[in-house]
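Have a look at the structure below before the remarks.
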Amino acid sequence: MTRMSVRRLLAAAAIGVIAAGLFRGNRIAGKPARLTASKDPADVAVSSGSKRVVCGSKRVVSPFVETLGPDTFRQRVGDIFPQGYLTALAIIQGVALGVLLTVTQAQWYRSAELIHHIMIATQATSVFIAIVVVTHRYILLTIMARWIPSTFDTLIPFSLGVGEIGSALSIGRPAAWWSGTLVFALAGIGAFAHSRIRASIEAFENMTQLYWRFRRITLRAIWILSLQAAISVVMFAGSFVTAWSGWAPALAPLAFLACLVWLDILGNYRMSAPITAPEHRH
């Protein structure tokens, strides 16, 4: 890899991190200040984020902004789960997108042959759709289910990022590119299986129809990604065959793209009937 390529990759990674930081900063800055009542009528407590200021009479304020209780604990889990997931995801996906654009531009001008350009286009488009699908799936996940994060909740997004970034770095090299898609498919299987394990029916309360829809969608996704993993293994092995040349490596990435589109289409949460809460008896 040339020195110019290294600089471009570092610049792409920096852009991704900066974009994620701005996304995180806007979320924090967008929280409105809250007015809370004080025991002394002359006091007004104003809280924003993690800071709390008491104005009015002079009195000693506890150093603890908020004590930990059952309700507070549930609220913190509900707040931190989507913020932590989406912040980490924004960094990973930003870096993957920056690397994708940088490597695609460099590989596009390496040859003037039409087949080469088609292979670069199909590989780059597939990786881009993978970034979009992963982001979309995680946004939906944080809307529907929340739990206390474990080590796997941190490992899985980074594993998906390894597959995406590895595929982006390998554009123009079929064998290496298919190995990246294999890592992505295996990480995706782990992600959906982990979601099925952690999301319980109790978390959906009266929306049991949505819970069973969630179970069906995640199971379909596991089967689709298993098929994609098998395709990646076959294509990786085929890349070392002498007959594997011409249009085959250029059009083969469309199989990966088709699996991603199929997964997202079958993963919609439109319900056949509106979901309503049970009526309260007076």
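Just so you know, all these numbers are worked out from the coordinates, no wet-lab data involved. The structure displayed is predicted, hence computed values, not measured ones. Backbone-built Cβ (ideal geometry, glycine too); neighbour counts: all protein chains shown.
Just order 199-212, 175-188, 246-259 by mean Cβ neighbour count inside 10 Å, highest at the front, would you? Let's see the in-between values first.
Numbers: 199-212: 13.4, 175-188: 22.9, 246-259: 18.1.
Going from most to least packed, we get 175-188, 246-259, 199-212.
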- Message: Just to be sure I understand the model, the point goes 7 Å from the Cα along the line to the Cβ. What's the resulting Ile265 to Leu101 distance in nm?
- Response: 2.9
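So for segment 146-228, what percent of the C-alpha to C-alpha distances run longer than 23 Å? Each step should come with its number before you reach the end.
Details: 1113 of 3403 pairs.
So the portion of pairs separated by more than 23 Å is 33 percent.
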- Rank these for me by crowding, Arg220, Arg110, going from fewest to most other beta carbons within 10 Å. Arg110, Arg220
- Compute the convex hull volume of the Cα atoms of segment 115-177, divide it by the residue count, and report the result per residue in Å³ as a whole number. 67
